[in-house]
Structure formats: C-alpha cells, structure tokens
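What follows is one structure encoded as structure tokens, with my remarks underneath.
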Amino acid sequence: MDLGARRVPKPGPDRPAALDGIAARVRVCGLCRLCETRTNAVPGEGTGRAGIMLVGEAPGRKEDETGRPFVGAAGKNLDLALAAAGIDRRDAFVTSINKCRPPANRDPTPDEKQACRPYLLEQVEALRPRVIVALGRHGLHGLLGQMPEGFAALPGTFLAGPQGIPVWVSLHPAAIIYRQKWKEKYLEQWRAFGEWSRSGATAPVGASLPPASAAVHPPAPPPVHHPLAPSPAKPSPTDPWPPHMAASRRRP
Ligand code: URA
C-alpha cells in the first residue's frame with residue numbers, strides 16, 4: 001500500500017472547518033472526570049496544511065491555563081524538534097490524546113484515553129494528514145487503540161496508523177527535559193523526519209528512516225523561546241526528576 005503518497009495537502013491558510021466543530025464540543029465535554037478539574041480543555045491548534053498532525057499525551061498546567069497545546073516546558077522541546085525538521089508549527093496540527101489536564105499531571109488512565117479517543121479520530125478524519133506523529137507512548141496508544149509493546153524501540157520508526165495513515169513515532173518532548181543525553185538522538189530523528197517529509201517519499205512502515213544528510217541540513221537553529229514556558233527546576237544528582245515530579249507525574 002502506498003501510504004506516503006496518499007494525499008497532497010491543500011495550500012492556503014484555512015484549516016478544515018470540521019476541526020472548529022470538534023473543538024467546540026471538546027470545550028464543553030463531560031465524558032470523563034477530567035472535566036471536573038480542568039480550567040480549559042485543549043482541543044488542538046494549527047492549520048495542518050503541511051499534512052502533518054502531532055499527537056501528545058495530555059495538557060499540563062500551562063496548557064490548562066491557556067487552552068493551547070504544548071506551550072509549557074515540553075512545548076519548548078517540541079519547538080526544537082520542529083526547527084530541526086524545518087517544519088513551521090503553524091502548518092501542522094498539534095493536539096493530544098487527552099484534551100483535559102489530569103490532576104497534578106498524572107498519566108491519563110485507560111478509561112480517560114478511551115473516552116477522549118473519538119475526538120482524536122474525528123480530527124484525523126477531518127484533516128486526513130499525510131502523516132501523524134505520535135509524541136510518546138500515550139499519544140501512540142490513542143492513535144493505535146492499544147498500548148504498544150516495547151515503546152523504547154519505536155521512536156524514529158513508522159507504524160500503520162488509523163484510517164490507513166502512517167504514524168511516525170517520537171519520544172515525548174517532555175522526556176528529554178531532564179535527560180539531556182537523549183536530546184541529540186531526538187533531534188537527529190526529527191532532522192531525518194523533516195528530510196523525509198520534504199522528499200515526498202512513501203512512509204517506510206515498519207522501519208526507521210536513514211540518518212538526515214548533513215550536507216542538506218545545517219545544524220538546527222537556536223531554540224525558540226516560548227514566552228509562556230517556565231524554566232525547569234534543577235534535578236538532583238541522584239534522581240533526574242525534580243522533587244515535585246513523582247514517577248507518576250513526569251509530564252510538565
Ligand atoms: N504534553 C502533552 O502531551 N500535551 C500538551 O498539550 C502539553 C504537554
């Protein structure tokens with residue numbers, strides 16, 4: 001099946017109108033208990049006109065405050081990845097499997113992901129992107145409908161996704177906040193993804209991309225500083241996570 005050449009994104013500033021209807025329903029959704037503690041639901045943003053959809057886990061504190069996806073510390077690392085890939089964030093559509101913040105940034109439960117998944121699938125149907133990027137294992141769970149085995153081996157590879165659309169897997173951008181040694185690999189994978197997305201080639205489902213060519217891609221530009229992003233607290237030498245982030249709450 002030729003998954004890579006299935007759709008040419010439409011040029012133009014407007015995104016599909018159906019996304020606005022989905023967003024309106026998400027903002028008043030009461031399908032799971034996360035509606036009781038949210039300030040704002042975060043349906044997603046961007047035109048998607050590059051044919052790229054990004055799917056994270058769930059909003060954090062800044063996202064809950066603003067109603068916008070990836071505007072906190074994880075958003076800075078997403079911006080770095082997109083800069084490495086040469087993708088303008090406004091041309092992608094950015095969302096998460098869960099549209100409401102789990103209290104204290106705990107992981108979303110399987111029930112919460114299941115309740116929110118129909119919105120994600122509607123967004124996929126409205127956009128019909130050329131490729132979907134799963135940002136971390138919860139985003140991938142939302143896209144595939146089941147928790148993937150052995151997630152650690154998947155970043156950088158393509159899988160068959162919903163509605164016949166290929167899914168490219170990335171580490172969650174928050175995962176590298178306190179694991180700087182993973183950052184170069186993360187950015188290298190995004191450089192290769194950018195090269196693939198510009199090439200128009202078919203997605204190699206089940207495989208990784210070749211490394212990005214250094215000749216074509218100069219080093220990534222300096223980080224884009226998001227005005228709303230806080231500076232991360234310093235980790236202790238023994239525990240790479242700051243004290244307020246217990247094992248179950250590692251998504252800023
Ligand atoms: N992490 C996510 O997965 N989604 C967001 O919107 C923000 C942080």
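The values are calculated or read from the model by the stated rules, or taken from the named source; none is laboratory data. Quick caveat, the model's predicted, so the values are computed rather than measured. Every residue, glycine among them, receives a Cβ derived from its backbone with ideal geometry; neighbour counts consider all protein chains shown. The protein model used for the area step is the full one, side chains on, heavy atoms only, and it has no ligands, DNA or RNA in it. Shrake-Rupley method; radii C 1.70, N 1.55, O 1.52, S 1.80 Å.
According to the square roots a ≥ b ≥ c of the eigenvalues of the Cα gyration tensor, what is the shape class of segment 58-111, taking rounded for a/c under 1.5, prolate for a/b larger than b/c otherwise, and oblate for the remainder?
Prolate, because a/c is 1.5 or more and a/b exceeds b/c.
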For Ala160 and Glu184, compute 0.36 nm times the residue count separating them, minus their Cα-Cα distance, and round to one decimal in nm.
6.0 nm
Cα-projected label distance for Met147 with Ala207, points at 7 Å along beta-carbon direction, nm
3.1
Any idea of the accessible area per residue across segment 3-223, 1.4 Å probe, to the nearest Å²?
41
Spin-label model distance (nm) - Arg106 vs Thr66, 7 Å beyond Cα toward Cβ
2.7
Hey, got a sec? Which GluC sites (Glu not before Pro) in segment 126-205 land in a DSSP loop and have at most 12 other Cβ atoms within 10 Å?
Glu149
Given a Förster distance of 25 angstrom, what is the FRET efficiency for Glu122 paired with Asn40, based on the Cβ-Cβ distance and rounded to 0.05?
0.80
Fully extended contour minus Cα-Cα distance, from Ser199 to Arg25, at 0.36 nm per residue:
59.0 nm
